[in-house]
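S.K.: Encoded as structure tokens, here's the structure I'll be asking about.
The values are calculated or read from the model by the stated rules, or taken from the named source; none is laboratory data. Since the model is a prediction, treat every value here as computed from it, not as a measurement. Note: ideal-geometry Cβ built from the backbone for every residue, glycine included; neighbour counts use all protein chains shown.
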Amino acid sequence: QRLKAAVHYTVGCLCQDVAEDKELQFSKQSIAAISEITLRQCENFAKDLEMFARHAKRSTVTSEDVKLLARRSSSLLKYITQKSEEIVSNNMEQKERKKKKSSTAKTAEQEAAVAESEDSNMA
């Protein structure tokens, strides 16, 4: 119910924006119809994404599944591909940072252990 209300509210806001730009009016019935169609389409998208993953013998939906779903809209596919590449590059950068931090910490621990053993040898 909360999802339905959120979609209805969002559709209402979008219709209001379009109405102001194009100097139109949207009836409450048309906003409700657009909201209902939007919810049904999202349900279809979710089912399709699940089926794409299942077909590939996976239990997780991937960005490739989303790209496959968006293949009919070239602008949407382009946008999703761009965002996917950004996410991949950000993940790679984070992994490299973690790797550097852990190797720096290991080096510091090793140096501390060597210094400690040298101190115990001198005593």
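S.K.: Determine the pairs where a residue that is modelled with pLDDT of 95 or more, located within the range 51-73, has a partner that is loosely packed, with under 12 Cβ neighbours inside 10 Å and of a type in the set (A, V, I, L, M, F, W, C) with Cβ atoms under 8 Å apart, the partner being 6 or more residues away or on another chain.
M.R.: Qualifying pairs under 8 Å: none.
S.K.: I'd like the full set of residues that are closer than 21 Å to LYS4 by Cβ and in contact with a helix residue (DSSP H, G or I) (Cβ under 9 Å, 6 or more places away or on another chain), limited to the range 17-26.
M.R.: The answer is PHE26, and nothing else.
S.K.: List the residue pairs whose Cβ atoms are under 8 Å apart, where the first residue sits in the range 3-21 and is surrounded by 11 or more Cβ atoms within 10 Å (Cβ to Cβ), the second is among the β-branched types (Val, Ile, Thr) and modelled with pLDDT of 95 or more, and the two are 6 or more positions apart or on different chains.
M.R.: Final answer for the pair search is VAL7/THR38; HIS8/ILE31; VAL11/ILE31; VAL11/ILE34; VAL11/THR38; GLY12/ILE31; CYS15/ILE31; CYS15/ILE34.
S.K.: Residue check, SER59 against (1) among the hydroxyl-bearing types (Ser, Thr, Tyr); (2) surrounded by 13 or more Cβ atoms within 10 Å (Cβ to Cβ); (3) under 18 Å from the mean Cα position of the chain (by Cα), all met but one. Which one?
M.R.: Result: SER59 fails condition (2) only.
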